[in-house]
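Structure first, commentary second.
The values are calculated or read from the model by the stated rules, or taken from the named source; none is laboratory data. Model, not experiment: these values are computed from the prediction. Ideal geometry is used to build each Cβ from the backbone, glycine not excepted, and the neighbour counts take in all protein chains shown.
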Amino acid sequence: MTRKKILFIAEAVTLAHVGRPLSLAQALPEDQYEVHFACTAGYDFCFKDSSLRRWFIASIPSAQFLHALAKGQPVYTESTLLSYVDDDLRLLDEVQPDLVIGDFRLSLSVSARLRQIPYITISNAYWSPHVRQHYTVPALPLTSALPIWLADPLFRLIRPLAFASHAVPLNRVRRRHGLPSLGSDLRRIYTDADQTLYADIPQLFPPHAMPASHGYLGAITWAPPLLAPDWWQHPELGSGRPIVYVTLGSSGQGQLLPRVLRALAPLPVTVLAATAGTIKLATVPPNAFVAPFLPGDAAARRASLVICNGGSPTSQQALTAGVPVIGIAGNLDQFLNMHAITSAGAGLLLRADRYRETELRHAATRLLDSARAKQAARQLASAFDEYVPAQRLQERMQALLTP
């Protein structure tokens, strides 16, 4: 039987948008699929010992992406998306895949349709138009000028208008290529595809009138293939003291890491911290072990508590290990994700723009002592165990590949 040719395209504005599709790509059986993977330069370390056929495709720099998020501005301009469509079309013509799978590659909403190639997008359920959300004002210039009690209702009032402005660039690109508008709801922009699959579970994000073309994959946990640091087997890590795993991620609030370590220094815990290579520490507290990168899944399994930026990749590593989470959230994705976790009783949400060391220390102590939070995290781990992402993906792929 002829193998089907599958092309994954990662919009590499954060490591998560590379790791997530890469995990899925590497799990597809080689006897059934010829798998190709495209992303921008700078991610060679992710592909150690990988047999995937790789292609280059440009993405905006991570710093540009993060700056737009911090300012609440549209991430992509019309001209950027037009150039993305051109790049997509060149790649699609060269690879000629039977199916394309994108992770936050919004231009595939246009290019895959122009080439009439079946298209699956990987997203998060908090961006679904079919999941109800509670919106809290993220860290924006607005929150530096106003108290949260005033900024929050103001944000909820203007949020639909902000979403509409973020939807304009892709709708203009679609119109230029003869495709209909997706409307003013940014969630439709982020989730438009022939099949839309969420790297989440319905227990955290219950569906509401969700169409059959949308579905849940479960947690796509991934860690880069890097060697553990020399101290990974240090005797102190087996001393019986609770272990706290800290990482603020490649899209997190890296400048807060020294203050997070300082907040945890007085506690009777051992800290494993990853800098993501974005910050240099002048000093390291005696109870902390630090490395640029750590195997996050293994670190979460060793931990009694995980502290992160509240994003789904690290919080899912924690929850699949049955470990509670503290999310120090900055952007809207992180707030939306942590609202679900806190509602389930498996974590606590802190604001990055109102960070206080005493608040984090109290939150860490509270979760380390909370039997209820530990039980909630274990229940979510059991729920995640019911989902095998690659298997669910293949079922959706077959639905598109079968004539």
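Summary table below
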| item | result |
| --- | --- |
| Checklist (1) assigned by TED's automatic domain parsing to the domain that holds Gly322; (2) over 18 Å from the mean Cα position of the chain (by Cα); (3) free of Cβ contacts under 8 Å to residues at least 60 places away in the same chain applied to Ala274, failing item | (2) |
| Tally, over the range 186-204, of residues that are in contact with a Leu (Cβ under 9 Å, 6 or more places away or on another chain) and not aliphatic (A, V, I, L, M) | 8 |
| Qualifying residue in the range 79-102 (condition: aromatic (Phe, Trp, Tyr), within 24 Å of the chain's Cα centre (by Cα), part of a helix (DSSP H, G or I) and surrounded by 15 or more Cβ atoms within 10 Å (Cβ to Cβ)) | yes |
| Every pair of residues 6+ apart whose Cβ atoms lie under 9 Å, when the first sits in the range 156-172 and is within 11 Å of Glu78 (Cα to Cα) while the second is basic (Lys, Arg) and in a helix (DSSP H, G or I) | Ala167/Arg188 |
| Which numbered condition Phe155 fails, given (1) in contact with a His (Cβ under 9 Å, 6 or more places away or on another chain); (2) farther than 30 Å from Ala38 by Cβ; (3) surrounded by 19 or more Cβ atoms within 10 Å (Cβ to Cβ); (4) not polar (S, T, N, Q) | (1) |
| Residues of the range 1-25 satisfying the condition of being under 15 Å from Ile122 (Cα atoms) and of a type in the set (S, T, N, Q) | Thr14, Ser23 |
| Residue within the range 70-78 that is of a type outside the set (Phe, Trp, Tyr), more than 28 Å from Gly330 (Cα to Cα), surrounded by 14 or more Cβ atoms within 10 Å (Cβ to Cβ) and modelled with pLDDT of 95 or more present | no |
| Scope the range 125-147; condition exposed (fewer than 15 other Cβ atoms within 10 Å of the Cβ), in a helix (DSSP H, G or I) and not hydroxyl-bearing (Ser, Thr, Tyr); matching residues | Pro141, Ala145 |
| Tally, over the range 242-292, of residues that are of a type in the set (S, T, N, Q) and touching a Gly at 6+ places or on another chain (Cβ under 8 Å) | 5 |
| Tally, over the range 158-174, of residues that are charged (D, E, K, R) and crowded, with 20+ Cβ neighbours inside 10 Å | 1 |
| Given (1) assigned to a loop (DSSP other than H, G, I, E, B); (2) assigned by TED's automatic domain parsing to the domain that holds Pro324, number of the condition Pro225 does not satisfy | (2) |
| Condition met for Arg20 (buried (at least 21 other Cβ atoms within 10 Å of the Cβ), out of contact with any Leu (no Cβ under 7 Å at 6 or more places or on another chain), closer than 30 Å to Ala352 by Cα and not hydrophobic (A, V, I, L, M, F, W, C)) | yes |
| Subset tally (residues that are free of Cβ contacts under 8 Å to residues at least 40 places away in the same chain, in a helix (DSSP H, G or I) and crowded, with 17+ Cβ neighbours inside 10 Å) for the range 27-64 | 1 |
| Matching residues, the range 161-177, being part of a loop (DSSP other than H, G, I, E, B) and among the polar types (S, T, N, Q) | none |
| In the range 180-222, residue nearest to Pro160 (Cα to Cα) [restricted to those that are part of a loop (DSSP other than H, G, I, E, B) and among the polar types (S, T, N, Q)] | Ser184 |
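Quick grid of which residues meet (1) modelled with pLDDT of 95 or more; (2) buried (at least 19 other Cβ atoms within 10 Å of the Cβ); (3) of a type in the set (S, T, N, Q); (4) not in a strand (DSSP E or B):
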| position | (1), (2), (3), (4) |
| --- | --- |
| Gln317 | yes, yes, yes, yes |
| Gly327 | yes, yes, no, no |
| Phe335 | yes, yes, no, yes |
| Ile341 | yes, yes, no, yes |
| Leu349 | yes, yes, no, no |
| Arg361 | yes, no, no, yes |
| Leu367 | yes, yes, no, yes |
| Arg372 | yes, no, no, yes |
| Gln379 | yes, no, yes, yes |
